[in-house]
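Asker: Below you'll find the structure I mean.
The values are calculated or read from the model by the stated rules, or taken from the named source; none is laboratory data. This structure is a prediction, so every number in the text was calculated from the model and none was measured. Cβ placement follows ideal geometry from the backbone for every residue including glycine, while neighbour counts extend to all protein chains displayed. For the accessible areas, the whole protein counts, side chains as well, though only heavy atoms, and no ligand, DNA or RNA atoms are used. Shrake-Rupley method; radii C 1.70, N 1.55, O 1.52, S 1.80 Å.
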Amino acid sequence: MAINIQNFLSSNAKNMRRSAIRDLLSVANRPEVISFAGGFPNAATFPIEDLKGIMQEVLETEGTSALQYGPTEGNQKLRELIAKRYSEKGCKVSAKNVLITTSSQQAIDLTTKIFINPGDTIVCGLPSYLGALQAFWSYQAEPVGIKCDSDLENTVKELIAQGKKPKFVYAIPDFQNPSGVTMDLEQRKYVLDIVKRYDLLLLEDSPYRELRFDGVEQPMMYSLDDDNRVILLGTFSKTFLPGFRIGWIIAPEEIIDRLVVAKQSTDLCTPVFDQAVAAKYLEKGLFEKNLQKTIALYREKRDHMLACFEKYMPEGVTWTHPEGGLFLFVKMPEGYDARELFDIAMKEDVAFVIGEAFHCDGSGKNTMRMNFSFMNAERTEEGVKRLARAIDKMINK
Ligand SMILES: Cc1ncc(COP(=O)(O)O)c(C=O)c1O
């Protein structure tokens with residue numbers, strides 16, 4: 001007799017939602033499609049030659065420990081190096097405040113796991129990072145979106161009045177995914193003030209922070225917090241290698257302690273060899289050098305995509321001008337649906353991510369996310385041209 005899996009699934013599993021991005025990517029996988037859909041770093045930034053030497057060195061000098069199980073907290077040298085980098089940017093951090101995670105997606109998952117009970121609310125942006133929303137849903141949290149920071153206090157008050165006080169606020173303050181927008185100092189202080197006044201936690205997720213092309217660097221909210229309320233997430237995925245799957249959580253020691261227990265039952269430890277290689281790479285000063293090259297490459301790519309948008313996009317379409325990160329966020333006039341556009345665009349062999357996927361309340365139907373880091377200049381221009389043609393077809397049909 002065939003079993004009915006539905007009768008066995010946990011309520012957590014029933015609450016999980018499939019990633020619309022991954023589903024779309026599978027449609028956009030044909031080689032003739034110019035896809036701006038993924039959030040992929042450019043492979044030209046991967047320091048393959050340097051890594052060959054470092055991997056050899058790690059195998060020769062620390063092979064037995066680098067291929068063994070490691071501590072759940074992570075490679076001690078790497079924790080120290082990360083703590084030092086954050087200390088230099090004004091954060092009070094020692095290695096004890098750093099937990100190495102299997103990239104920041106796991107960091108979001110573990111943080112949600114230790115704080116969320118089914119039905120708890122989390123305040124996030126409209127739009128916000130889909131992978132975080134997926135983690136929140138998988139623990140039966142209810143993400144509540146706000147369109148702009150100034151809505152935060154009213155939203156928190158309303159939730160409290162309904163007996164649904166949020167556990168934390170989830171913010172991506174630097175070159176947000178998907179919008180590319182950065183919070184200024186005033187906004188950061190305002191959010192921290194609300195978090196403090198209403199006794200909430202703040203999850204500051206900042207994978208793109210170091211990919212700044214121009215403009216003025218803003219302080220991390222973690223560095224502005226005098227109350228131990230901020231949990232800060234970082235990753236090597238966008239600045240070094242997504243394939244290593246190395247990220248980290250920076251938090252007060254008692255939170256790190258809880259997260260360590262949660263990580264023990266998840267994967268025991270983050271790949272030990274990758275951590276040893278990353279620590280050596282950082283120690284030799286190669287990370288900073290490579291990062292500068294990556295920033296220069298992505299600045300050029302952003303400028304090129306913006307120029308193509310100026311040249312080809314029909315009237316009524318608007319887009320963000322990010323000072324860093326990997327994405328532009330595009331808005332069509334109200335009333336148009338990016339899902340419908342996606343089908344037309346697929347006939348033109350060009351792909352993007354529909355913005356609705358990043359809105360936990362189902363809004364944002366007229367928006368889309370475009371990645372500029374991955375594609376070469378020629379394909380970018382051709383892709384933007386095709387997208388503009390698809391929008392024209394939809395608007396003038
Ligand atoms: C805002 C944000 N957080 C977290 C992640 C997860 O990245 P990773 O798990 O590769 O560190 C991403 C990836 O795109 C992201 O955009």
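Asker: If I ask for residues that are touching a Lys or Arg at 6+ places or on another chain (Cβ under 7 Å) and either closer than 15 Å to THR235 by Cα or among the basic types (Lys, Arg) (or both), which ones from the range 74-98 would you list?
Answerer: So the first thing to find is which residues in the range 74-98 are touching a Lys or Arg at 6+ places or on another chain (Cβ under 7 Å), and the list is 95, 98.
Within the range 74-98, just VAL98 meets the criteria.
Asker: When residues of the range 270-286 are filtered for being assigned to a helix (DSSP H, G or I), open to solvent by less than 10 Å² (accessible area, probe 1.4 Å) and among the β-branched types (Val, Ile, Thr), how many remain?
Answerer: Filtering the range 270-286 down to residues assigned to a helix (DSSP H, G or I) leaves 272-283, 286.
Imposing the further condition that a residue be open to solvent by less than 10 Å² (accessible area, probe 1.4 Å) reduces the set to 275-279, 281.
Still in the running and among the β-branched types (Val, Ile, Thr): 277.
Residues that pass the stated criteria total 1.
Asker: Still on this structure, please answer the following. I want to confirm something. Restricting to the range 193-217 and keeping residues that are within 16 Å of the ligand (Cβ to nearest atom) and out of contact with any strand residue (DSSP E or B) (no Cβ under 7 Å at 6 or more places or on another chain), which single residue is most open to solvent (accessible area, probe 1.4 Å)?
Answerer: Keep residues of the range 193-217 that are within 16 Å of the ligand (Cβ to nearest atom), which gives 202-212.
Now narrow it down to the ones that are out of contact with any strand residue (DSSP E or B) (no Cβ under 7 Å at 6 or more places or on another chain): 209-210.
On the way: ARG209: 34, GLU210: 66 Å².
Once the filter is applied, the top-ranked residue is GLU210.
Asker: How many residues are within 13 Å of PHE168 (Cα to Cα) and among the aromatic types (Phe, Trp, Tyr) when one looks only at the range 184-213?
Answerer: 1
Asker: Something else about it: Quick one: in the range 246-255, which of the residues that are surrounded by fewer than 18 Cβ atoms within 10 Å (Cβ to Cβ) and closer than 19 Å to MET221 by Cα is nearest to the chain's Cα centre (by Cα)?
Answerer: Of all residues in the range 246-255, those surrounded by fewer than 18 Cβ atoms within 10 Å (Cβ to Cβ) come to 252-254.
Next cut, closer than 19 Å to MET221 by Cα only: 252-253.
Details: PRO252: 22, GLU253: 24 Å.
In this case the residue turns out to be PRO252.
Asker: I'd like the residue in the range 307-345 that is within 17 Å of ASN29 (Cα to Cα) and open to solvent by 20 Å² or more (accessible area, probe 1.4 Å) and, out of all such residues, is modelled with the highest pLDDT. It would help to see each step written out before you state the result.
Answerer: Here is the first cut: in the range 307-345, the ones within 17 Å of ASN29 (Cα to Cα) are 342-345.
Cutting the leftovers down to open to solvent by 20 Å² or more (accessible area, probe 1.4 Å) gives us 343-344.
Details: ASP343: 92, ILE344: 95.
Checking each candidate, the answer is ILE344.
Asker: Hey, any hits in the range 14-29 for a residue that's open to solvent by 90 Å² or more (accessible area, probe 1.4 Å) and polar (S, T, N, Q)?
Answerer: Taking the range 14-29 as the starting set, the residues that turn out to be open to solvent by 90 Å² or more (accessible area, probe 1.4 Å) are 14, 16-18, 22, 29.
Checking which are polar (S, T, N, Q) leaves us with 29.
The answer is yes; a qualifying residue exists.
Asker: Only residues that are open to solvent by 100 Å² or more (accessible area, probe 1.4 Å) and not hydrophobic (A, V, I, L, M, F, W, C): list them for the range 62-71, please.
Answerer: We begin by selecting, within the range 62-71, every residue open to solvent by 100 Å² or more (accessible area, probe 1.4 Å); these are 64, 67-69.
Hits for the range 62-71 are THR64, GLN68, TYR69.
Asker: Being of a type in the set (S, T, N, Q) and under 19 Å from the mean Cα position of the chain (by Cα) is the filter here, so list the residues in the range 156-200 that pass it. Break it down into steps so the answer makes sense when it comes.
Answerer: If we filter the range 156-200 for residues that are of a type in the set (S, T, N, Q), which is where we start, we get 162, 176-177, 179, 182, 187.
The answer is GLN176, ASN177, SER179, THR182.
Asker: Spot the failing condition for GLY243; the list is (1) within 14 Å of the ligand (Cβ to nearest atom); (2) open to solvent by 10 Å² or more (accessible area, probe 1.4 Å); (3) in a loop (DSSP other than H, G, I, E, B), and only one is missed.
Answerer: Among (1) within 14 Å of the ligand (Cβ to nearest atom); (2) open to solvent by 10 Å² or more (accessible area, probe 1.4 Å); (3) in a loop (DSSP other than H, G, I, E, B), the lone unmet condition for GLY243 is (3).
Asker: Please go through the range 225-234 and pick out each residue that is open to solvent by 10 Å² or more (accessible area, probe 1.4 Å) and touching a strand residue (DSSP E or B) at 6+ places or on another chain (Cβ under 8 Å). It would help to see each step written out before you state the result.
Answerer: Our first condition is that a residue be open to solvent by 10 Å² or more (accessible area, probe 1.4 Å); within the range 225-234, this holds for 225-229.
Hits for the range 225-234 are ASP225, ARG229.
Asker: Give GLU60, GLU32, GLU49 a once-over and let me know the one that is of a type outside the set (A, V, I, L, M, F, W, C) and part of a loop (DSSP other than H, G, I, E, B). If you could, list the steps in order and put the result at the bottom.
Answerer: Details: GLU60 fails: part of a loop (DSSP other than H, G, I, E, B); GLU49 fails: part of a loop (DSSP other than H, G, I, E, B).
The unique qualifying residue is GLU32.
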